[in-house]
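The values are calculated or read from the model by the stated rules, or taken from the named source; none is laboratory data. Every value quoted in this text rests on a predicted model; they were computed, and no experiment measured them. Virtual Cβ from ideal backbone geometry, glycine too; neighbours counted across all protein chains shown.
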Amino acid sequence: MNLTLLGPVAAPVAGALLAAVLPRRVAAWTSLLAAVGVLTTGIALAARTGHGATLADGLLRADALTAWLVVAVGAVATVACWAGVHHLADLAHRGALTPGAARRYLVLVQAFLACMTFAVMAANAGLFWVAVEATTIVTAFLVGHQRTRASVEAAWKYVVLCSIGVGIALLGTICVYAAATAAGPTPAGGLEALNWSYLNQHAAQLDPGLMRLAAGLVLLGFGAKAGLVPMHAWLPDAHSQAPAPVSALMSGVLLSVAFYGILRYKSIIDAALGPTYVRTLLVVAGLGSLALAALLLIGQRDYKRLLAYSSIEHMGLIALGTAIGGRLALAAVLLHILGHGLAKAVAFCGAGHLLHQVGSPLITAVRGALTRAPVTAGLFGLAVVALLGLPPFALFASEITLARAGFAAGLGAVVATAFLLVLVAFAAIARHAAGMLLGLSSVSPTSPSSAAEHPDTAPAPRRGLRWLPLALGLLAAAGLGVWLGPVQPLLDSAALVAAEGIR
Amino acid sequence: MHGATWVEQIFNLACGLLLLTAVGALWRRETSALIPILAVQGGALTVIAVLLASGHPDATEAMVVAAVVGLLKVVVIPLLLRRVRRLVRNARETRPLVNVATSLLAAAGLCLLAYAAARPLVAVAETPTARATPVGLSLVLIGFFLAATRHRAISQIVGLLLIDNGIAATAFLATDGVPLIVELGVCADLVLAVLVLQVLTARMVHTFGDGDLDDLRELHD
């Protein structure tokens, strides 16, 4: 078995096994090690596939697009698992952590990582589906870990809506399988008929009528898991109730991993039906997501829900970029995936620290955070600036490129509408964030929770280090926005695979 | 050709049973009645899988798939559902969002819709069994309807299982079943999803004191 291919899946599996036996503190740091393992093996994969090569062995397969997604998972996981170490320490410090709960958390997070890397590395559309559904199952208890009414509700909606949504995608996958087996002599065992490479190579022979049905089902199904309208309703609940590092992973990369399926299917469907069909569906889903997010961001009262709706906004942009198509737009989409993942992970982890300090998820409860906790609040603020698409962060570069590609492709009206909605979202987020960060500190008798929480958290152990993962994440997001450097060839090859499928 | 017609008759009977049980799940308001209905439906699905496996080019693999499906849908899932039901006593759909008579009419409409939607699938597959594919899609649509219009946690789980049975039936009828390893993965996901929902139902009963989904009103915008 090829070690480079096995690495990204093996590292979190090993992490999960170790987390099950090691003591809590060691296990927490081991989980960071496993996340770094995913990142380094992802970089190794990128080095092997960055110039257009393909690695394949058994059920696993990697090209530049795969490597890009594995790097994204690894980078976000490094931030999230590092922040997770401090998250668990905070909970333990407050006496709100049983050893069983800590172990369950660490094992499930690693299993979650393994499912995501397996999803993007699966050679087969059927196994991709299995891995995506598995992510729903392993994250269900992470969403519902608090056992309050709200978190049980969020977990229930999450599992039911996502399972139904992904079920629709399975029906679509079966339609694709039916089309592939009808298109010609099926290879023995039938498994190969669902391989991404087989589907790409035989896309022109697939029955157009059946592919039309399949395309609708696949887009709706994986779109549900990617947080796109119309099946987005689970997202704000699940992302606001999960512990901050898990929200970081779910918002930062899980949405993109589900969207990766749409990217792979798009080149296949386009070859069978021409580009307009998927483009129309994605424009509708993208604009719908942007409009919904902009509308609900305006009156938002909960800052984790604010970040969740911002994820719907960014997934809308990613869908729109994919609708535009072509190498330039897809390079922007891929850069957006990585930049959004990093910025959103930092924002959620920063929000987790704020929640821990203030004790309330309400935006109005956090006033003047910059004067009270300058480092945490400053990092949170910078992450929000990154999410708003301001320079020097990667999202600035990707959004500009996306607009350029959109106008070049003759979708000017769509792009103009989209960026009008982005502007509304920008104003809403900026207003809420400014209120949280600036102004007078609200440590007063009127907010007893923050007053009670504050002296308790001040002497927490190893406070000095907790800003480090967030700062590193921001630095990476800013670095990608300024200078792509050695990443450029990988991004170009990945965009080529996304735009034209597997040759 | 006496044997062939005999096989065909069993096949048709199983397909009819699939549809009948789906409508039956809409008709009965007692949630306790849903579990045997699902078990019978699982049995019908297994019969279809076994019949198709005998004519499959790779018969042993297809038989393994049929055995796994049978074990799962007839034994494991009903067992898990019984445990969910034990959590919520006297659970009855007292006031479904859409009343039973209207639900049955809706089911008829959904079947028509399924026949229209399944046309490309029927057209592409050459096998005579593919003509029964609309039955699978009907199950999926009726499952959606059940999950959307009922208040009880267990009803929503049953809706989810109807959808899954429908997808499995579509896979068998249109393509002779998906590859073994994919089928195993799908089955594993299904069992785990039902287990997760069972635990969540227990937590819901613990925190809300009931398995009524109307209580899920904490989170909204």
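The single condition among (1) in contact (Cβ under 8 Å) with a residue 24 or more places away in the chain; (2) facing chain B (nearest Cβ under 10 Å) that A:N200 does not meet is (2).
Rundown of residues vs (1) touching a Ser or Thr at 6+ places or on another chain (Cβ under 9 Å); (2) in a helix (DSSP H, G or I); (3) among the acidic types (D, E), yes/no style:
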residue: A:A89; (1), (2), (3): no, yes, no
residue: A:G95; (1), (2), (3): no, no, no
residue: A:R103; (1), (2), (3): no, yes, no
residue: A:V109; (1), (2), (3): yes, yes, no
residue: A:F112; (1), (2), (3): yes, yes, no
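Selection of helices (runs of 4 or more DSSP H) fully inside the range A:282-397 by the criterion of at least 1 residues being modelled with pLDDT of 95 or more and among the hydroxyl-bearing types (S, T, Y) returns A:303-324.
What do you reckon, is B:V182 at the interface with chain A (Cβ under 10 Å from one of its Cβ atoms), over 27 Å from B:R95 (Cβ atoms), surrounded by 22 or more Cβ atoms within 10 Å (Cβ to Cβ) and at pLDDT below 90? First the steps, then the outcome.
Details: at the interface with chain A (Cβ under 10 Å from one of its Cβ atoms): yes; over 27 Å from B:R95 (Cβ atoms): yes; surrounded by 22 or more Cβ atoms within 10 Å (Cβ to Cβ): yes; at pLDDT below 90: no.
Against the criterion (at the interface with chain A (Cβ under 10 Å from one of its Cβ atoms), over 27 Å from B:R95 (Cβ atoms), surrounded by 22 or more Cβ atoms within 10 Å (Cβ to Cβ) and at pLDDT below 90), B:V182 does not qualify.
Just one of the listed residues (A:V358, A:V366, A:V384, A:V346) is crowded, with 24+ Cβ neighbours inside 10 Å and within 30 Å of A:L496 (Cα to Cα), and it is A:V346. Listed by first and then second residue, the pairs linking a residue in the range A:370-390 that is more than 16 Å from A:A345 (Cα to Cα) to a residue that is not in a helix (DSSP H, G or I), with Cβ atoms under 8 Å apart and 6 or more places separating them unless they lie on different chains, are A:L370/A:L438; A:T371/A:L440; A:T371/A:S441; A:R372/A:S441; A:R372/A:V443.
No other residue among B:V88, B:V64, B:V98, B:V75 is more than 24 Å from B:V40 (Cα to Cα) and either among the hydrophobic types (A, V, I, L, M, F, W, C) or in contact (Cβ under 8 Å) with a residue 12 or more places away in the chain (or both) apart from B:V98. Checking the conditions here, which among B:A125, B:A116, B:A147 is surrounded by fewer than 23 Cβ atoms within 10 Å (Cβ to Cβ), more than 10 Å from every other protein chain (Cβ to nearest Cβ) and among the hydrophobic types (A, V, I, L, M, F, W, C)? Answer to the selection: B:A116. Identify, from the list A:A111, A:A89, A:A122, the residue that is farther than 29 Å from A:P486 by Cβ, modelled with pLDDT of 95 or more and of a type outside the set (D, E). Exactly one of A:A111, A:A89, A:A122 is farther than 29 Å from A:P486 by Cβ, modelled with pLDDT of 95 or more and of a type outside the set (D, E), namely A:A111.
What are the residues in the range B:99-122 that are under 19 Å from the mean Cα position of the chain (by Cα) and outside any helix (DSSP H, G or I), if any? Across the range B:99-122, the qualifying residue is only B:A118. Here B:I157 passes the criteria (1) buried (at least 23 other Cβ atoms within 10 Å of the Cβ); (2) more than 7 Å from every other protein chain (Cβ to nearest Cβ); (3) over 29 Å from B:A108 (Cα atoms) except the one numbered (3).
From the residues in the range A:283-294 that are of a type in the set (A, V, I, L, M) and touching a residue at least 40 places away in the same chain (Cβ under 8 Å), which one is farthest from the other protein chains (Cβ to nearest Cβ)? In this case the residue turns out to be A:V283. Quick check on my filter: what residues within the range A:128-159 are surrounded by fewer than 23 Cβ atoms within 10 Å (Cβ to Cβ), over 18 Å from the mean Cα position of the chain (by Cα) and facing chain B (nearest Cβ under 9 Å)? Across the range A:128-159, the qualifying residues are A:F141, A:R147, A:T148, A:R149, A:A150, A:K157. Considering only residues of the range B:207-221 that are over 19 Å from B:A148 (Cβ atoms) and facing another protein chain (nearest Cβ under 8 Å), which is surrounded by the fewest Cβ atoms within 10 Å (Cβ to Cβ)? Filtering first and then ranking leaves B:D221.
Scanning the range B:188-195 turns up no residue that is crowded, with 20+ Cβ neighbours inside 10 Å, more than 8 Å from chain A (Cβ to nearest Cβ), over 17 Å from the mean Cα position of the chain (by Cα) and within 23 Å of A:V143 (Cβ to Cβ). Checking the range A:447-456 against the condition returns no match, with no residue being buried (at least 18 other Cβ atoms within 10 Å of the Cβ) and modelled with pLDDT of 50 or more.
Quick check on this structure: which one of A:G167, A:G184 is facing chain B (nearest Cβ under 7 Å) and without any contact (Cβ under 8 Å) to a residue 60 or more places away in the chain?
Values: A:G184 fails: facing chain B (nearest Cβ under 7 Å).
Selected residue: A:G167, the only one of A:G167, A:G184 that is facing chain B (nearest Cβ under 7 Å) and without any contact (Cβ under 8 Å) to a residue 60 or more places away in the chain.
For B:R86, only one of the following conditions fails: (1) at pLDDT below 95; (2) assigned to a helix (DSSP H, G or I); (3) surrounded by 15 or more Cβ atoms within 10 Å (Cβ to Cβ). What is its number? (3) is the only condition that B:R86 fails. Return only the number of the condition from (1) surrounded by 15 or more Cβ atoms within 10 Å (Cβ to Cβ); (2) at pLDDT 90 or above that B:L104 does not satisfy. (1) is the only condition that B:L104 fails. Among the residues of the range A:404-412, are any surrounded by fewer than 21 Cβ atoms within 10 Å (Cβ to Cβ) and either farther than 18 Å from A:I318 by Cα or among the aromatic types (F, W, Y) (or both)? Scanning the range A:404-412, I find at least one residue that is surrounded by fewer than 21 Cβ atoms within 10 Å (Cβ to Cβ) and either farther than 18 Å from A:I318 by Cα or among the aromatic types (F, W, Y) (or both), so the answer is yes.
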